[in-house]
1. Where the second residue is within 16 Å of ligand 1 (Cβ to nearest atom) and not in a loop (DSSP other than H, G, I, E, B) and the first is open to solvent by 10 Å² or more (accessible area, probe 1.4 Å) and lies in segment 142-160, which pairs have Cβ atoms under 7 Å and are six or more apart or on separate chains?
2. I'd like the full set of residues that are part of a helix (DSSP H, G or I), open to solvent by less than 10 Å² (accessible area, probe 1.4 Å) and either of a type outside the set (A, V, I, L, M) or in contact with a Cys (Cβ under 6 Å, 6 or more places away or on another chain) (or both), limited to segment 299-315.
3. Any idea which residue in segment 93-112 is most open to solvent (accessible area, probe 1.4 Å), counting only those that are farther than 19 Å from residue 69 by Cα and in a helix (DSSP H, G or I)?
4. Scan segment 120-141 residue by residue and report those that are within 6 Å of ligand 2 (Cβ to nearest atom) and either open to solvent by less than 50 Å² (accessible area, probe 1.4 Å) or modelled with pLDDT under 95 (or both).
5. Of the residues that sit in segment 1-19 and are among the charged types (D, E, K, R) and part of a strand (DSSP E or B), which one is most open to solvent (accessible area, probe 1.4 Å)?
6. Hey, does segment 52-68 have a residue that's in contact (Cβ under 8 Å) with a residue 60 or more places away in the chain, over 18 Å from the mean Cα position of the chain (by Cα) and within 11 Å of ligand 1 (Cβ to nearest atom)?
7. Spot the failing condition for residue 221; the list is (1) under 18 Å from residue 269 (Cα atoms); (2) away from ligand 1 (no atom under 16 Å from the Cβ); (3) open to solvent by 20 Å² or more (accessible area, probe 1.4 Å); (4) not in a loop (DSSP other than H, G, I, E, B), and only one is missed.
8. Quickly run through segment 62-88 and pick out the residues that are out of contact with any Gly (no Cβ under 8 Å at 6 or more places or on another chain) and open to solvent by 10 Å² or more (accessible area, probe 1.4 Å).
Amino acid sequence: MNPFTYERASDAPAAIGLAKGSAAARYLGGGTNLVDLMRETVERPEMLVDVTGLPGGIEPRADGGLRIGAAATNTALAADAHVRTHYPLLARAILAGASAQIRNMATVGGNILQRTRCRYFYDTAAACNKRQPGAGCDARDGFNRYHAILGASPACVATHPSDMCVALAALDATVHLDGPAGPRSIALADLHRLPGDRPDVETELKPGELITAVELPPLSFARRSTYRKVRDRASYAFALVSVAAALDLADDGTVREVRLALGGVAHKPWRASAAEAALKGRPASPESFRAAAEAELAAATGLRDNAFKIELAKRTIVAVLSDLTGDDA
Ligand SMILES: Cc1cc2nc3c(=O)[nH]c(=O)nc-3n(C[C@H](O)[C@H](O)[C@H](O)COP(=O)(O)OP(=O)(O)OC[C@H]3O[C@@H](n4cnc5c(N)ncnc54)[C@H](O)[C@@H]3O)c2cc1C
Ligand code: SF4
């Protein structure tokens, strides 16, 4: 591990001011990802600015939505009564991730900005365009079972590992930022980037920007929502494929509204807009669900070890939507 200094900030302006003083500063949440990366010397910050003392409240909004402070722990968010009642897919997604001990430490801001789990990214002896632009990508012809089937590029086939972010993408979450140029907001779905030829640039964040909060709009039908994670072990494993879904049915059994997002398939949480469009107004039947899944995965491509995820993703979409209609698939 390289030497670094440590500062603790009590509010956003103090954190931004501290980080502005050092080009190699990083904000520190629970440290469950960043400190691992520092141990492997993948990350070499000169200064850590601890932001766990910033607001972490979870507050219902007057319109029925929710405001979540970036320092809220994953445990607190999953246990929140408003979340469990109004956004059950979010609680389920968080509880599907990591372990209780890690969720106790991990923060909402850190979870959103956690980095890929591609093993070659963590191995400084491997070629990785994300770690070292222009170096190559050992995952392309290496072990790529967990890698992307949608939106990948020749430069990088990594996936975003967060379960929580998949639910946030389905829920149209907004991320509030603050930084040297002042506050702004961005849709969670637009925050993470596809790799293109710059996989090292993972988000739309500008230098020194801090996540201060996440907001969820009200979504009455999200009470009928869920999250399913398919993985190699029943716990403590990242997603091969995951699906977050909320469904609103009309009295005649057709789909009035649907929200669908996929995890484990792309460099970012993947909002399944093609599937949503294919479902609206259609009967809530396994046939419609399969047609929607086919539409979403039409552009998917597989590598040596992960081509099975294309069919797995389709089947998981059908299974989750069938669950929400009370059918078994
Ligand atoms: C063994 C293990 C298993 C795991 N399994 C899963 C899993 O199954 N599913 C899953 O989703 N996750 C899993 N995780 C990842 C875990 O969820 C993340 O490590 C955690 O959410 C990161 O949160 P943190 O607060 O500890 O972030 P940190 O490690 O502190 O920071 C992560 C990144 O976010 C930045 N950052 C932190 N806070 C802010 C802020 N407010 N504004 C701007 N930047 C910020 C940091 O600079 C850093 O770049 C696992 C982790 C481990 C170690
Ligand atoms: S997939 Fe991306 S993160 Fe993994 S080795 Fe290739 S460039 Fe690096």
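1. That search, which allows pairs on different chains as well, returns 143/119; 160/192.
2. First, the residues of segment 299-315 that are part of a helix (DSSP H, G or I): 308-315.
Adding the requirement that they be open to solvent by less than 10 Å² (accessible area, probe 1.4 Å) leaves 309, 313.
Result: 309, single match.
3. Step by step, filter segment 93-112, then rank; the result is 101.
4. Passing the criteria: 120, 121, 128, 129, 130, 137, 139.
5. Within segment 1-19, the match that is most open to solvent (accessible area, probe 1.4 Å) is 8.
6. yes
7. The one condition residue 221 does not meet is (1).
8. Result: 62, 63, 64, 75, 79, 80, 81, 82, 84, 85, 88.
The values are calculated or read from the model by the stated rules, or taken from the named source; none is laboratory data. Here the structure is a predicted model, which means the values were calculated and not measured. Cβ atoms come from the backbone with ideal geometry, glycine included; neighbour counts cover every protein chain shown. Accessible surface is based on the protein model in full, side chains and every heavy atom, while ligands, DNA and RNA are left aside. Shrake-Rupley method; radii C 1.70, N 1.55, O 1.52, S 1.80 Å.
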